[in-house]
Amino acid sequence: MNQTLLLTSGSSLFGLAVKDVAEVLDPRPVYPVPRAPSWVLGAVGRHDRVLPVIDLACLHGTRQGEKGQIVVLDGGRLSLAVTVVHGLTQRGFGMPGALHLPWVVEMFICSRGLAGLIDPGALTDFLKQSLLATRCFFGDSLAAWEGR
């Protein structure tokens, strides 16, 4: 099955395979992280861990949008601030690749239009390299991303 959690970030549609999602959190306070890139919204506490919160709209190059919910990726090391989580959908016809986002592995058709399927592994690699370049770390995120 191709069950996918469909979400909107800014004005763009994205999807995450259900197996890649740990939890969807209701809106909650996000605490700023010093020296963080603009796409790091901050950090949030979840089950005695500090998680980075990535502003998905800012990351993909649109203006920072209204933040509605936080999607925690499987493994619980990373979360995404999104405008709205629409719920589950079945991926329709998919086209490999994306225009310019290295962490989107395919574009697919769904009931709301054309959406990009996020690959959490590629997203984590992209973020890790970007955070290393800015020397911005928090919690155990770097150690976790490096598999320590």
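The values are calculated or read from the model by the stated rules, or taken from the named source; none is laboratory data. Predicted model, so just to flag it, every value in this text is computed and none were measured. Cβ sites come from the backbone with ideal geometry, for glycine too, and all protein chains shown count toward neighbours.
Look at Val85 and say whether it is in contact (Cβ under 8 Å) with a residue 40 or more places away in the chain and over 11 Å from the mean Cα position of the chain (by Cα). Spelling it out, Val85 is indeed in contact (Cβ under 8 Å) with a residue 40 or more places away in the chain and over 11 Å from the mean Cα position of the chain (by Cα). Taken over the range 95-129, the criterion of being in contact (Cβ under 8 Å) with a residue 40 or more places away in the chain, exposed (fewer than 14 other Cβ atoms within 10 Å of the Cβ) and assigned to a strand (DSSP E or B) is satisfied by Gly113, Leu114. Residues that are at pLDDT 90 or above and under 16 Å from Pro120 (Cβ atoms) number at least 1 in the following strands (runs of 3 or more DSSP E) confined to the range 36-88: 49-55, 69-73, 79-82. Here Thr4 passes the criteria (1) outside any strand (DSSP E or B); (2) under 21 Å from Arg112 (Cβ atoms); (3) of a type in the set (Ser, Thr, Tyr) except the one numbered (1). Which condition does Gly92 not pass, out of (1) more than 23 Å from Leu132 (Cβ to Cβ); (2) assigned to a strand (DSSP E or B), if it passes all the others? The one condition Gly92 does not meet is (2). Restricting attention to the range 7-35 and to residues that are among the charged types (D, E, K, R) and in a loop (DSSP other than H, G, I, E, B), the residue that is surrounded by the fewest Cβ atoms within 10 Å (Cβ to Cβ) turns out to be Asp26.
If you go through the range 25-56 and keep only what is at positive phi and touching a residue at least 40 places away in the same chain (Cβ under 8 Å), you end up with just Arg35.
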